[in-house]
Amino acid sequence: MVAAIEVEGLRKTYVERRLWRVKRVVTALDSVTFAIERGTMVALLGPNGAGKSTTVRILSTLLLPDGGTARVMGHDVVKEASSVRRVIGVMLDPEKGHFGRLTGLENLVFYGVLHGLTRSDARSRAVELLEQFGLGDARDRPVEGYSKGMKARLAICRVLIHDPEVLILDEPTAGLDPISAREVRERLKGLKREGRTVLVTTHNLWEAEELSDRLIVLNRGRVIAEGTPEEVKRAFGLMWNVELEVSGNLEGLKLGWETELGISERGRPLLKVMIREDPSELVPLILSELRSRGVQVLSVSVREPTLEEAFVRAVGGA
Amino acid sequence: MAVLLAFFQGLFFLIGTLVRREQELFARISGYNDSVLYQMAGVPVLLLSLVMVSAVGEYVIELGRRGALEHIQTLPVDMKLVMGAHATTIVSVSLLYYFAVTVPFVYLRGGPGAVAHLLPAMLVLALGLLPLFLFAALVALLTLLVRTEAFLELVSASVYTFTGIAYPLTVFPQFVALVAQLLPHPHVAESVRLAVFYGVLEPARLVPMLAVLAGYAVFSTAIYSRIERVLRRGGRYEVVTE
Amino acid sequence: MRSSRSDLWAGLWAFSRLLLRSPWFAVGLVTAPVWSIGIGLTFAIHSPSLLSDQGSLRALSLGAGYFVVTSIVLWNVGHFLRQVREEGVLHSVIVAGGRVELLMLSRGITALPYTALAMALSYSAMVSLLGSSPVLVDPAGAVIAFLLLHALLVSVSLLAGSAFLWIRRPWLVTNLLQFLLPLSSGMVPIELFPEPIRSVVSASPVAHLFELLRRTVTGTESIPLADAQLFLSASLSVVSLLALSMVAMRLSTERMRRTGA
């Protein structure tokens, strides 16, 4: 598959000055490299200050990197900014980017014309998008009267006005209520189904797992993990928790895995076994091992590691 | 803000000093013998008032935008106390500004004698700034009600032009001067000007000023409760600024 | 395919709507004559006979209108870039491939009917209040002179606007500029000033521009130069300032891309 976005050795440092004196130097990106295949949805994860927004801004041609290269659909974001702008749709803040006193339709026509559409083409495309995103009834109302969720949907319409192949969305569900956030997520899934390449940044790990084919985890300006959600969890060495309610003598019990003893909610002895491998293969082995030592197993539960645990481990330990 | 006040005061001084002046004609119109000193004594009062209208208005708008106004509303604090604290700060800072930007120009125009007159002028101003603050606070509350920042501009333009502080109101129809008397501005400016020119506190001028002050205090309190009720009923504390 | 025309067209289309829907437009038209009367009288009071001389009164009234128009353009156009940056529109415009300098130019163009109305109202109101009648000696010349004046003010505002992105108190600079620009170009009739000041003001191309407007509207002359000379000097200054402002906008946009501000 051909990469829609290719980033190699990207570096960016911000220099804060007070008059002519350098007050602070912040390294936002330190040799970041990744690639995103066409037609996939990828989430860029990381704590505040990890470099997500800087990456998004560089890919959107809004910010020049200090070093390294970034290409979108084969176009260099520094040298071929105009070509990049033709193929991307960018949302930096779901609530911003609109003229409050213009209607939703007028805002979209404005951006459509900026993208080179004729006014009538921009208008028909805008009407179509507004209908598709459930804003048909509100299209002639000034945007300042829209709710947050409506503004977010309008922002998605805005980035789609010129039918771009690549979408770059910085925290598209930030600040939205659960229903609006779900709506936006559904729309994003729809965009992926249409074959577009989508790069989203988010703080919501559950959302990242639900939406994305792949994850890129950034911390302190570096990529610390990359892959499918499962691969990322594995990369951080997270363990499944096999919890067994047991009866029998556990004195001196030693298994080939890391174990912990406790009491279950029902007051029974609880044996926790932490495993790194696929539990579907290992749990039967654990059960037969326990049986062979005369331990009776009353119940078994397997708890999968969450992406949040992976994230906290990765970021906290970095 | 100090830079801006000093700039305007300096600009008016420079223009007044450089242009060809007709002092006799000016004296016949205004009763004062020096048009530059006339402006140097009165214009800072006007500028301070405009700054108050804009600063208090913008402050309230900003509080509304950040949601702090609603937060203040929910606090168990007497609003008169909040207003009093703001008034004390603003009046003290304004007095300092007046002194700092007026002394050099009054000295250049009227000599040390006129500077000595600034002491009674400051006493008058200390009292006079209170109704000016109340006026500004009232305008800020009305801005919340009409929900557009442009209202501040309308008030500022009217205060500048129709209160007769930078010039006498003789060219306007008589009703303009009558309406202006309902505002605290001409009373305060005229009392300050008399003090700067003659070094006296004129009871004849002070009494109407104090009456207007009392009137504004009563009026503001009454209208505050009404506006507060309207705001709470509507629940919209944000003002459109663009 | 996108072009410079689409940038200009998009700006003209959107900004004319924004202007008409803004309460500032209506309030600005009401306050324009009020401010001009106030500012005019502030300067005239030192020489009250100025107000009884028809020619001087008209010249002063036009000067006061010039002050108001300067203020409108500086706030309306000069501060717009910063405002759209804060609203997140600027970024979206850049990503959409819009050329910021052309959009800002379209903002300046849409302000033209506003400034023309404000000037007409200010001039007529002050002249009428003081017992005279407004005149328009050379309508075609006045239109050309006003267009040039508006273009000059837009250029200055765009220059200031590109600086406003980087300075902390743009309102302070605007307050200073809105007085300094008209005063240094003959807003107060220069006959009232002593000779050295008259000579300095007479040499300023910006004063030539206002002189051109004053001649074509009121028929009074203050600067001893022929119409053609005034026109040439004024046009050159407008063209060079406009070019400079376009470059400044470009540089500012590039700086934004470099610093991420």
- line: The residue that is farthest from the other protein chains (Cβ to nearest Cβ), considering only those in the stretch A:107-118 that are in a helix (DSSP H, G or I) and of a type outside the set (S, T, Y), is A:L108
The stretch C:216-229, residues that are over 18 Å from the mean Cα position of the chain (by Cα) and either among the hydrophobic types (A, V, I, L, M, F, W, C) or farther than 15 Å from C:V201 by Cα (or both): C:T218, C:G219, C:T220, C:I223, C:L225, C:A226, C:D227, C:A228, C:Q229
Elements of type helices (runs of 4 or more DSSP H) contained in the stretch A:200-316, each with 2 or more residues being within 20 Å of the chain's Cα centre (by Cα) and closer than 28 Å to A:P65 by Cβ: A:205-211, A:229-235
message: Pairs please, first residue from the stretch A:83-107 and assigned by TED's automatic domain parsing to the domain that holds A:L44, second anywhere and aromatic (F, W, Y), Cβ atoms under 8 Å, 6+ apart in sequence or on different chains.
response: A:F99/A:F110; A:L102/A:F110; A:G104/A:Y146; A:E106/A:F99; A:N107/A:F99
query: Within the bounds of the stretch A:135-150, is there any residue that is closer than 14 Å to C:S92 by Cβ, in a helix (DSSP H, G or I) and either in contact (Cβ under 8 Å) with a residue 40 or more places away in the chain or aliphatic (A, V, I, L, M) (or both)?
result: yes
field: Residue list for the stretch C:21-39, filter: facing another protein chain (nearest Cβ under 7 Å) and polar (S, T, N, Q)
entry: C:S22, C:T31
message: Can you tell me which residue is nearest to A:G46 (Cα to Cα) among those in the stretch A:184-204 that are surrounded by fewer than 20 Cβ atoms within 10 Å (Cβ to Cβ) and touching a residue at least 12 places away in the same chain (Cβ under 8 Å)?
response: A:H203
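Residue-wise test of (1) touching an Asp or Glu at 6+ places or on another chain (Cβ under 8 Å); (2) surrounded by fewer than 21 Cβ atoms within 10 Å (Cβ to Cβ); (3) at the interface with chain C (Cβ under 9 Å from one of its Cβ atoms); (4) at negative phi.
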position	(1), (2), (3), (4)
B:V139	no, no, no, yes
B:Y160	no, no, yes, yes
B:G164	no, no, no, no
B:Y167	no, no, yes, yes
B:H187	no, no, no, yes
B:V192	no, no, no, yes
B:Y198	no, yes, no, yes
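Return yes or no: is A:L129 farther than 22 Å from C:L8 by Cα, touching a helix residue (DSSP H, G or I) at 6+ places or on another chain (Cβ under 9 Å), surrounded by 17 or more Cβ atoms within 10 Å (Cβ to Cβ) and facing chain C (nearest Cβ under 9 Å)? Break it down stepwise before answering.
On the way: farther than 22 Å from C:L8 by Cα: yes; touching a helix residue (DSSP H, G or I) at 6+ places or on another chain (Cβ under 9 Å): yes; surrounded by 17 or more Cβ atoms within 10 Å (Cβ to Cβ): yes; facing chain C (nearest Cβ under 9 Å): no.
No, not satisfied.
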message: Just checking, does the stretch A:224-237 include any residue being of a type in the set (K, R), within 30 Å of A:V7 (Cα to Cα) and free of Cβ contacts under 8 Å to residues at least 60 places away in the same chain?
response: yes
message: Restricting to the stretch B:13-34, name every residue that is over 16 Å from C:R198 (Cβ atoms) and either hydroxyl-bearing (S, T, Y) or more than 7 Å from chain C (Cβ to nearest Cβ) (or both).
response: B:F13, B:Q23, B:E24, B:A27, B:R28, B:S30, B:G31, B:Y32, B:N33, B:D34
field: Search result, residues across the stretch C:222-252 that are more than 16 Å from C:V156 (Cβ to Cβ), part of a helix (DSSP H, G or I) and of a type outside the set (D, E, K, R)
entry: C:A228, C:Q229, C:L230, C:F231, C:L232, C:S233, C:L251
- prompt: Quick one: how many residues across the stretch C:178-221 are in a helix (DSSP H, G or I), under 21 Å from C:P134 (Cα atoms) and aliphatic (A, V, I, L, M)?
  reply: 5
message: Among the listed residues B:A85, B:A2, B:A55, identify the single one that is exposed (fewer than 13 other Cβ atoms within 10 Å of the Cβ), under 17 Å from the mean Cα position of the chain (by Cα) and under 25 Å from B:A121 (Cα atoms).
response: B:A2
- prompt: Is it the case that the stretch A:177-193 has a residue that's within 14 Å of chain C (Cβ to nearest Cβ) and not in a helix (DSSP H, G or I)?
  reply: no
- prompt: Just checking, how many residues over the stretch C:222-235 are over 26 Å from C:P134 (Cβ atoms) and either in contact with a strand residue (DSSP E or B) (Cβ under 7 Å, 6 or more places away or on another chain) or surrounded by fewer than 17 Cβ atoms within 10 Å (Cβ to Cβ) (or both)?
  reply: 3
- prompt: C:I72 passes all but one of (1) under 17 Å from C:L117 (Cα atoms); (2) of a type in the set (A, V, I, L, M, F, W, C); (3) more than 7 Å from every other protein chain (Cβ to nearest Cβ); (4) free of Cβ contacts under 8 Å to residues at least 24 places away in the same chain; which number fails?
  reply: (4)
field: Single residue of the stretch C:40-56 satisfying the filter (more than 11 Å from chain B (Cβ to nearest Cβ) and outside any loop (DSSP other than H, G, I, E, B)) that is farthest from C:R214 (Cα to Cα)
entry: C:Q54
- request: List the number of the failed condition for C:G55; all other conditions in (1) crowded, with 24+ Cβ neighbours inside 10 Å; (2) more than 21 Å from C:L180 (Cα to Cα) hold.
  value: (1)
- prompt: Since C:V200 meets every condition but one in (1) on the phi > 0 side of the Ramachandran plot; (2) without any contact (Cβ under 8 Å) to a residue 12 or more places away in the chain, which condition does it not meet?
  reply: (1)
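The values are calculated or read from the model by the stated rules, or taken from the named source; none is laboratory data. If you're wondering where the values come from, they're calculated on a predicted model, not measured in any experiment. Neighbour counts are summed over all protein chains in view; Cβ atoms, including those assigned to glycine, are modelled from backbone coordinates with ideal geometry.
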